[in-house]
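Below is one structure, written out as structure tokens; comments come after it.
The values are calculated or read from the model by the stated rules, or taken from the named source; none is laboratory data. Predicted model, so just to flag it, every value in this text is computed and none were measured. Here the Cβ is made from the backbone with ideal geometry for all residues, glycine too, and neighbour counts use every protein chain on show.
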């Protein structure tokens, strides 16, 4: 049952500050809504990329050279957008809470790398849907830079191959139809049930299995706060709902002091 709904940034900020101050082990779970304020489009919303073009399924990528080249064209465009974006106040606050505060894990559905660039320690960050700043070989897992893939396509007109084993290279993003990394998901689930505070920020909570994390945390006894401009299917389970812009609301939390 919802105890309070905040549509005033200052009041929402104070409530979040109190929640983090009282927490001993917190998980922050983020989605596209935290990065729209940095200029990264929400691909799933009306007008987003998936409403204008069909996503390329993983099996199609593996079997079709034409699909691979189109996928890479999209990835290069995304990489430029990501490189031009900057972490906003919400990213910076979460990084502070992860380095100096009670946040034990930041779980994100975003592929823009802004949490990492804001300073979230690698050991406290799980990117459930991967990251768009590099590529990996589908055979041996060797990392390659996006610029390498771009150069190879420009030179050969063909999709890039691994320099180690010759396997297909793919941007390190979980595509539709591709299995989510089990270790990352298991870690996120484990931390969620151990948390005494779970904050979902900027996520519509519709993509499973990730959307089950708030439910798991709540059932295990955590206080649940959902920060979303639009209602979600899990709002009735939340202790607090925040409807205000995330950067404005959370940004000042990077000044919080912890013993």
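In the range 199-211, what residues are surrounded by 16 or more Cβ atoms within 10 Å (Cβ to Cβ) and farther than 17 Å from residue 240 by Cβ? Within the range 199-211, 204, 210, 211 meet the criteria. When the helices (runs of 4 or more DSSP H) confined to the range 145-240 are screened for residues that are farther than 29 Å from residue 76 by Cα and within 16 Å of the chain's Cα centre (by Cα), those reaching at least 1 such residues are found at 182-194, 212-219. Restricting the search to the range 241-259, which residues are in a loop (DSSP other than H, G, I, E, B) and within 23 Å of residue 89 (Cβ to Cβ)? If the condition is that a residue be in a loop (DSSP other than H, G, I, E, B) and within 23 Å of residue 89 (Cβ to Cβ), then 243, 244, 245, 256, 257, 258 are the ones that fit. Looking at the structure I just gave you, is residue 64 surrounded by fewer than 16 Cβ atoms within 10 Å (Cβ to Cβ), within 23 Å of residue 180 (Cα to Cα) and modelled with pLDDT under 95? For residue 64, the condition - surrounded by fewer than 16 Cβ atoms within 10 Å (Cβ to Cβ), within 23 Å of residue 180 (Cα to Cα) and modelled with pLDDT under 95 - is not met. Among the residues that make up the range 12-35, is at least one of them assigned by TED's automatic domain parsing to the domain that holds residue 210, surrounded by fewer than 20 Cβ atoms within 10 Å (Cβ to Cβ), modelled with pLDDT of 90 or more and more than 18 Å from residue 97 (Cβ to Cβ)? No; the residues of the range 12-35 include none that is assigned by TED's automatic domain parsing to the domain that holds residue 210, surrounded by fewer than 20 Cβ atoms within 10 Å (Cβ to Cβ), modelled with pLDDT of 90 or more and more than 18 Å from residue 97 (Cβ to Cβ).
Annotation note: Cβ proximity below 8 Å between a residue of the range 115-127 that is farther than 12 Å from residue 191 by Cβ and assigned by TED's automatic domain parsing to the domain that holds residue 254 and a residue that is modelled with pLDDT under 95 and part of a strand (DSSP E or B) (sequence gap 6+ or interchain) occurs for 116/131. Note on the range 229-254: residues that are free of Cβ contacts under 8 Å to residues at least 40 places away in the same chain and surrounded by fewer than 18 Cβ atoms within 10 Å (Cβ to Cβ) amount to 4.
When 98, 149 are screened for being surrounded by 21 or more Cβ atoms within 10 Å (Cβ to Cβ) and within 20 Å of residue 163 (Cα to Cα), only 149 passes. If you go through the range 135-144 and keep only what is surrounded by fewer than 19 Cβ atoms within 10 Å (Cβ to Cβ) and either in a strand (DSSP E or B) or at positive phi (or both), you end up with 141, 143.
For the range 219-228, a residue qualifies if it is farther than 9 Å from residue 196 by Cα and either crowded, with 19+ Cβ neighbours inside 10 Å or in contact with a strand residue (DSSP E or B) (Cβ under 8 Å, 6 or more places away or on another chain) (or both), and the qualifying residues are 225, 226, 227, 228.
Counting only helices (runs of 4 or more DSSP H) wholly contained in the range 55-112, the ones carrying 3 or more residues that are in contact with a helix residue (DSSP H, G or I) (Cβ under 7 Å, 6 or more places away or on another chain) and farther than 19 Å from residue 38 by Cβ occupy 65-84. Suppose the filter is in contact with a helix residue (DSSP H, G or I) (Cβ under 8 Å, 6 or more places away or on another chain) and in a helix (DSSP H, G or I); does residue 115 pass it? Against the criterion (in contact with a helix residue (DSSP H, G or I) (Cβ under 8 Å, 6 or more places away or on another chain) and in a helix (DSSP H, G or I)), residue 115 qualifies.
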